[in-house]
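Some notes on the structure that comes next.
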Amino acid sequence: MPTEVLLQAVASGLLMGCVYALIAVGLSLIFGLMEIVNFAHGEFLMLAMFTTFWLALLFGIDPLLSVPICAALLFVLGVLVYKGIISRILSAPMLAQIFATFGLGVFLRSAAQFFWSADYRVVPNHVVEGRLNLGGLFLGWPQVVASIAALLAFGTLYLFVTRTEVGLAIQATSEDREAAALMGISSDRMFMLGWGIGSLCVGIAGALLANFLPIFPDVGFLFALLAYIAVALGGFGSIVGALVAGVIIGLVEAIGGLFWPSFKYVAVFVLYLMVVLVRPQGLFGRY
Amino acid sequence: MTTVDQPSDSTSMPAGPGLDPTALPPERSRGRAASASRLAVGAIAALVLLGLPLVLEAQRLVHPLHILIMICLYATLAQAWNILGGYAGQISLGNAVFFGVGAYTSTLLMTRIGLSPWLGILVGMFVAVLVSLAIGYPCFRLGGHYFAIATIAVGEIVQTLFINWREVGGASGIHLPLLPEAFVNFQFHSSKLPYYYIALAMAAIAFGCAFLVERSRLGYYFRAIKGDPLAARSLGVKITRYKLYAIAISAALTAMAGTLYAQYILVIDPESVLPLSLSVLICLVAVLGGIGSIWGPLLGALVLIPLSEGTRVYLAQSGGGGRAIDLMVYGALIVLVAVFQPGGLVAISRRFRGRG
């Protein structure tokens, strides 16, 4: 196998990995806070992608400009879902928690199919196009922009969680809910914020992905599955873990696809099974 | 398999963990009148189940008969899921694997060596049990969400393998050869009626299994594992072994239904017998009906399957469009059930009966 081809795969794997990391960190943040897995995470991503598509089609807004719009809308969606559904099942059995978000995912996916049909759609005339030539290495500009923006968003989130008072309050709540409450931190507000920020991350990722991927109701499924795997791989609740794991998954997918194109996701799934079986707490996990 | 000993008082049922204890009727105090009326209800139900299809057949109502077959098929699948997910608390989103293994095994045995699908069912169930043990043994070390996501991963791996496995038809699957209509061939072309009775018998087997599980020591162990695995282990329940029993029973019943599907539809491919959407649907039927209760899967199938078949026909007549209304309703119902009544439709119907 020529080195350029391998390098090409590694480079595109790295780029996708950054976006996977941003999707995964939203999931990880919510899980770290309240030990609930959002099984509708992929559908949140799909909604962000469709939002970007409709903004571009109806109002001619470029996907890059709809990044903040999607972020804001998804933040609101996350807060609403927390208020409407999650806050009612905080102390419910785990089965009820799984099925509440799982049912929400099924609902959103089929609603999208009902209203917008199962057709594949592509955002028309986006500003960012073409390829970047890095000494013989060709990278799509949309992918490059997406990964840079994803890294920026990731970095901002990291600084927010580790350097600001609210971020520390979130961390305190995920460390020990009761102790944080005794310090005057309302866990309900932190949970709400966690759902808002977790969904916001997915909103940004969705708008970035809409730049170069087709959009359809089931599009979120694969990304969500990869995000669950990234979260399990990095360790539930770990922000740095999500980044490392997202990049690893991007690389495994790209390099696996090079050798066995039809089995590239099998490689990722096998990786997941191996990790959870050998090191259940993940690479950076606290649990 | 473990010894199956009946509790001394067969009418008293313990409240399963996670179920609302007030939702269980005080059956012991109702006495003989209740059991007589229950017998009457059972007799009427049996009469309807056996007789209604004859009426439909006489009226040449083919589509309602198809819906009845699908209800029985999904009730079987959901009950199989219920034994693993409802009683033992292991959420599987990969039960389509067992369905596909059953369908492919009996079909391949028929097309390659001419084995009757009736023997193929047994082989398929056996293979599915082996597959389930191979999946369960490592994956049962994972709790909760990790297990659910692992079953999705396994399901996707198996589907990808079959799509790329040319010897079994790859992505285009297998068309079953048309054989003369005969019981031994498991093919009936002039009427759907035999398929209905076979589907009904399979549902009866699945419900019988769930009944036996619920009343036996196995059922108590399953519920103990679901309620609190650590406490169950400290009391001497061999957790992994009993989880393996649960997945093996679930796999065998699901594979059995897989053969019925293959013989009824006569085409199988990875997209129809192995998809994640099938695993999800099986789980939705059981959850909506009420997990961990014997009538939940039936209730779920009775509500969801006519809904999905009905909307499919309605949308086909009205020119298609988006489809998936049925799944939209399912999803919304599942959320409502999870938030307001985790016991499912069964618990809601119990509550109404309690009032009346």
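Listed by first and then second residue, the pairs linking a residue in the range A:253-269 that is at the interface with chain B (Cβ under 7 Å from one of its Cβ atoms) and touching a residue at least 12 places away in the same chain (Cβ under 8 Å) to a residue that is part of a helix (DSSP H, G or I) and surrounded by fewer than 17 Cβ atoms within 10 Å (Cβ to Cβ), with Cβ atoms under 8 Å apart and 6 or more places separating them unless they lie on different chains, are A:265/A:222.
Conditions (1) surrounded by 24 or more Cβ atoms within 10 Å (Cβ to Cβ); (2) polar (S, T, N, Q); (3) over 29 Å from residue B:332 (Cα atoms), marked per residue:
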residue	(1), (2), (3)
A:9	no, no, yes
A:21	yes, no, yes
A:42	yes, no, no
A:51	no, yes, no
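Might you check whether a residue that is without any contact (Cβ under 8 Å) to a residue 60 or more places away in the chain and surrounded by 21 or more Cβ atoms within 10 Å (Cβ to Cβ) occurs anywhere in the range A:215-232? Checked against the condition, which is being without any contact (Cβ under 8 Å) to a residue 60 or more places away in the chain and surrounded by 21 or more Cβ atoms within 10 Å (Cβ to Cβ), the range A:215-232 yields at least one hit. The condition of being within 14 Å of another protein chain (Cβ to nearest Cβ), touching a residue at least 12 places away in the same chain (Cβ under 8 Å), aromatic (Phe, Trp, Tyr) and part of a loop (DSSP other than H, G, I, E, B) holds for only one of A:50, A:39, that being A:39. If you go through the range B:139-162 and pick out every residue that is over 23 Å from the mean Cα position of the chain (by Cα), facing another protein chain (nearest Cβ under 7 Å) and modelled with pLDDT of 90 or more, you end up with 1.
Taken over the range B:311-337, residues that are at pLDDT below 80, more than 15 Å from residue B:277 (Cβ to Cβ) and not β-branched (Val, Ile, Thr) amount to 9. For beta carbons closer than 7 Å, sequence separation of 6+ or different chains, a first residue in the range A:1-26 that is assigned to a helix (DSSP H, G or I) and a second that is at pLDDT 95 or above and surrounded by fewer than 22 Cβ atoms within 10 Å (Cβ to Cβ), there are no qualifying pairs.
If we scan the range A:209-222, do we find a residue that is touching a helix residue (DSSP H, G or I) at 6+ places or on another chain (Cβ under 6 Å), at pLDDT 90 or above and either more than 30 Å from residue A:130 (Cα to Cα) or within 11 Å of another protein chain (Cβ to nearest Cβ) (or both)? Looking for residues that are touching a helix residue (DSSP H, G or I) at 6+ places or on another chain (Cβ under 6 Å), at pLDDT 90 or above and either more than 30 Å from residue A:130 (Cα to Cα) or within 11 Å of another protein chain (Cβ to nearest Cβ) (or both), one finds at least one in the range A:209-222, hence yes.
Candidates in the range B:115-138 are the residues that are closer than 22 Å to residue A:233 by Cα and not hydrophobic (A, V, I, L, M, F, W, C); of these, the one that is nearest to the other protein chains (Cβ to nearest Cβ) is B:138. A count restricted to the range A:116-153 and to residues that are under 24 Å from the mean Cα position of the chain (by Cα) and either within 14 Å of chain B (Cβ to nearest Cβ) or of a type in the set (Lys, Arg) (or both) stands at 5. Under the condition of being of a type in the set (Gly, Ala, Ser), in contact (Cβ under 8 Å) with a residue 60 or more places away in the chain and closer than 20 Å to residue B:91 by Cβ, which residue from the range B:126-174 is surrounded by the fewest Cβ atoms within 10 Å (Cβ to Cβ)? Of everything passing the filter in the range B:126-174, B:143 is surrounded by the fewest Cβ atoms within 10 Å (Cβ to Cβ).
I need the full set of residues from the range B:280-290 which are closer than 29 Å to residue B:105 by Cα and of a type in the set (A, V, I, L, M), in order please. B:280, B:281, B:282, B:284, B:285, B:286, B:287 - these are the residues of the range B:280-290 that are closer than 29 Å to residue B:105 by Cα and of a type in the set (A, V, I, L, M). Looking at the range B:27-106, the helices (runs of 4 or more DSSP H) lying wholly inside it that each contain 3 or more residues that are under 30 Å from residue B:220 (Cα atoms) and at pLDDT 95 or above sit at B:62-81.
Given the residues A:204, A:197, which is the only one that is among the β-branched types (Val, Ile, Thr), touching a Phe, Trp or Tyr at 6+ places or on another chain (Cβ under 9 Å) and closer than 25 Å to residue A:50 by Cα?
Among A:204, A:197, only A:197 is among the β-branched types (Val, Ile, Thr), touching a Phe, Trp or Tyr at 6+ places or on another chain (Cβ under 9 Å) and closer than 25 Å to residue A:50 by Cα.
Screening the candidates B:345, B:302 for the property of being of a type in the set (A, V, I, L, M), modelled with pLDDT of 85 or more and surrounded by fewer than 24 Cβ atoms within 10 Å (Cβ to Cβ) yields one hit, B:302.
Just checking: which of the helices (runs of 4 or more DSSP H) contained wholly in the range B:174-258 hold 1 or more residues that are of a type outside the set (Ser, Thr, Tyr) and within 26 Å of residue B:112 (Cβ to Cβ)?
Numbers: elements: B:193-215, B:217-227, B:229-234.
The qualifying helices (runs of 4 or more DSSP H) are B:193-215.
Within the range A:105-125, residues that are in contact (Cβ under 8 Å) with a residue 40 or more places away in the chain sit with their Cβ atoms under 7 Å from residues that are of a type in the set (Lys, Arg), at 6+ positions apart or across chains, in these pairs: A:113/B:323. For the range A:65-104, residues that are within 14 Å of chain B (Cβ to nearest Cβ) and either among the hydrophobic types (A, V, I, L, M, F, W, C) or without any contact (Cβ under 8 Å) to a residue 24 or more places away in the chain (or both) total 20. Only one of the numbered conditions (1) surrounded by fewer than 24 Cβ atoms within 10 Å (Cβ to Cβ); (2) within 14 Å of another protein chain (Cβ to nearest Cβ) is not met by residue B:87, and that is (1). If you go through the range B:107-124 one residue at a time, how many are in contact with a Phe, Trp or Tyr (Cβ under 9 Å, 6 or more places away or on another chain) and either closer than 26 Å to residue A:38 by Cα or in a helix (DSSP H, G or I) (or both)? Final tally of qualifying residues: 6.
Under the condition of being among the β-branched types (Val, Ile, Thr) and buried (at least 16 other Cβ atoms within 10 Å of the Cβ), which residue from the range A:271-287 is nearest to the other protein chains (Cβ to nearest Cβ)? The residue in question is A:276. Of the residues contained in the range B:212-230, none is found to be under 30 Å from residue B:50 (Cα atoms), under 20 Å from the mean Cα position of the chain (by Cα), without any contact (Cβ under 8 Å) to a residue 12 or more places away in the chain and surrounded by fewer than 16 Cβ atoms within 10 Å (Cβ to Cβ).
Just one of the listed residues (B:277, B:293, B:272) is part of a loop (DSSP other than H, G, I, E, B) and either at pLDDT 85 or above or closer than 28 Å to residue B:109 by Cβ (or both), namely B:293.
The values are calculated or read from the model by the stated rules, or taken from the named source; none is laboratory data. The structure presented is a predicted model; accordingly, all values stated were derived computationally and were not measured. Glycine gets a Cβ as well: all are built from the backbone with ideal geometry, and neighbour counts include every protein chain shown.
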